[in-house]
Amino acid sequence: MSVTSKIEIKNASLTKDTLSRLLKQLCKEKKLIAPVRNADLDDVNFLPVTDPAQICCDYDNTTTSPKEFFFPQYECMFTFSGASHDSIETTNDGEEIVLFGVRACDVKGIELLDKFYERNFEDNYYLSKRQKSVFISVACSDLNDQCFCTSTETGPVLQEGFDIQLLSSDDDYAVQIGSEKGLQLFEKHKDLFGPPLDVDINKLLAQARKQKPKFNLQKVYENLKQQNVDEDLWDDIGDRCQSCGLCLFVCPTCSCYSVKDQTTPSGENRRSRQWDACYFSSITRMAGGNNPVRTSAEMVKRKYQHKLVQQIDEFGTSGCVGCGRCTLACVGNVNWLDNIIKIERAG
Ligand code: SF4
Ligand code: SF4
């Protein structure tokens with residue numbers, strides 16, 4: 001079950017006005033999810049919108065990632081009654097959604113989740129939702145202090161892997177269409193799109209990529225793989241880490257979950273899954289109580305190894321897409337970017 005098919009990139013344009021009209025139409029046709037600012041909390045998150053006026057366009061990135069629309073924090077997988085499997089009712093339907101304002105790093109994060117959920121068996125709970133979604137991503141013009149997509153080659157603009165990508169150019173947007181799903185949306189609303197902008201698209205792309213990488217990913221990979229990193233670093237991170245799991249819950253690529261069977265007071269039996277985290281000791285605890293990962297230092301080391309070595313080996317791409325959310329969320333002052341730079345300089 002493929003969730004997206006790439007096409008040869010097609011160029012078009014939108015003005016601020018036609019973009020607003022497009023979003024208005026999309027609100028009526030499908031469920032539109034877009035960044036919305038919460039003034040009380042002073043943060044921006046993806047939420048359903050019914051009017052483009054609700055959308056926040058002035059933001060670095062959202063506090064949480066868009067993964068929750070495909071891999072919800074809690075999900076009922078099926079219900080059943082009695083002992084017979086004949087009465088199982090699965091609950092994996094999803095509605096058609098358009099996600100607007102997604103950053104390049106998150107598009108790459110979801111692409112990695114696609115690979116994960118397609119790899120050994122097809123996870124229909126995730127894939128059916130992904131199939132019904134289309135992304136309109138918006139390239140970033142600046143990196144903030146904690147994000148580093150230029151180091152992981154996951155932004156701030158994408159070469160491929162997007163449905164529709166918008167690049168701001170003065171009062172207009174250069175539009176790139178890169179998938180069948182993006183093309184279908186474009187064809188349906190063709191009257192709102194203009195011809196390709198009269199600017200060199202490669203210049204716009206190069207301008208967006210002008211930010212220098214903050215570290216050399218290959219060096220980080222080698223130092224981790226060859227165990228060049230001093231154990232003191234893992235002890236230090238382990239001491240700071242409170243095992244709250246926040247950094248993993250906000251991460252667009254983290255995919256751990258646990259499965260639970262419950263009987264509700266009304267007698268319904270339910271199997272559900274909910275987010276879990278490799279920083280929780282319960283995730284590696286085995287029947288009988290033995291736990292091969294015993295200390296906090298071992299847990300954090302495993303996360304760095306997983307994202308920056310094993311996922312590169314398995315998927316050919318970094319398991320960290322450089323969004324910077326984990327550092328911003330951390331209650332223990334663990335700075336993921338600073339630690340990667342320390343790993344780069346080890347050995
Ligand atoms: S957010 Fe910080 S304290 Fe919480 S689990 Fe992650 S590293 Fe540990
Ligand atoms: S590890 Fe941190 S910086 Fe990397 S993708 Fe996850 S939340 Fe973003």
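So here's what we get for this one:
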| item | result |
| --- | --- |
| Residues (free of Cβ contacts under 8 Å to residues at least 12 places away in the same chain and among the charged types (D, E, K, R)) located in segment 30-59 | ASP40, ASP42, ASP58 |
| So ASN124, is it without any contact (Cβ under 8 Å) to a residue 40 or more places away in the chain, in the same structural domain as PHE186 (by TED's automatic domain parsing) and more than 15 Å from the chain's Cα centre (by Cα) | no |
| Which numbered condition GLN262 misses (of (1) free of Cβ contacts under 8 Å to residues at least 12 places away in the same chain; (2) of a type in the set (S, T, N, Q); (3) surrounded by 15 or more Cβ atoms within 10 Å (Cβ to Cβ)) | (3) |
| Check on ASP114, over 21 Å from ASN45 (Cβ atoms) and of a type in the set (Asp, Glu) | yes |
| Residues satisfying the stated conditions in segment 273-325, i.e. touching a strand residue (DSSP E or B) at 6+ places or on another chain (Cβ under 6 Å) and away from ligand 1 (no atom under 16 Å from the Cβ) | ARG273, GLN274 |
| Test: ASN333 is closer than 15 Å to CYS247 by Cα and touching a Leu at 6+ places or on another chain (Cβ under 8 Å) | no |
| Of all residues making up segment 76-101, the number that are out of contact with any helix residue (DSSP H, G or I) (no Cβ under 6 Å at 6 or more places or on another chain) and either at pLDDT 95 or above or crowded, with 19+ Cβ neighbours inside 10 Å (or both) | 3 |
| Flag if GLY161 is in the same structural domain as LYS10 (by TED's automatic domain parsing), closer than 22 Å to THR62 by Cβ and surrounded by fewer than 21 Cβ atoms within 10 Å (Cβ to Cβ) | yes |
| Cross-chain or 6+ apart pairs with Cβ under 8 Å, segment 305-324 first and outside the structural domain of SER141 (by TED's automatic domain parsing), then near ligand 2 (Cβ under 7 Å from one of its atoms) and among the aromatic types (Phe, Trp, Tyr) | CYS320/TRP336; GLY324/TRP336 |
| Residue count, segment 106-140 (criterion: touching a strand residue (DSSP E or B) at 6+ places or on another chain (Cβ under 9 Å) and among the aliphatic types (A, V, I, L, M)) | 6 |
| All helices (runs of 4 or more DSSP H) inside segment 253-347 with 1 or more residues being within 29 Å of ASP123 (Cα to Cα), over 19 Å from the mean Cα position of the chain (by Cα) and within 16 Å of ligand 2 (Cβ to nearest atom) | 296-305 |
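The rows are residues; the columns are (1) surrounded by 15 or more Cβ atoms within 10 Å (Cβ to Cβ); (2) away from ligand 2 (no atom under 16 Å from the Cβ).
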residue: VAL220; (1), (2): yes, no
residue: ASN228; (1), (2): no, yes
residue: ASP236; (1), (2): yes, yes
residue: ASP239; (1), (2): no, yes
residue: GLY245; (1), (2): yes, no
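The values are calculated or read from the model by the stated rules, or taken from the named source; none is laboratory data. Computed from a prediction, not measured in an experiment: that's the story for all the values here. Quick reminder, even Gly has a Cβ in these numbers, built from the backbone with ideal geometry, and neighbours come from all protein chains shown.
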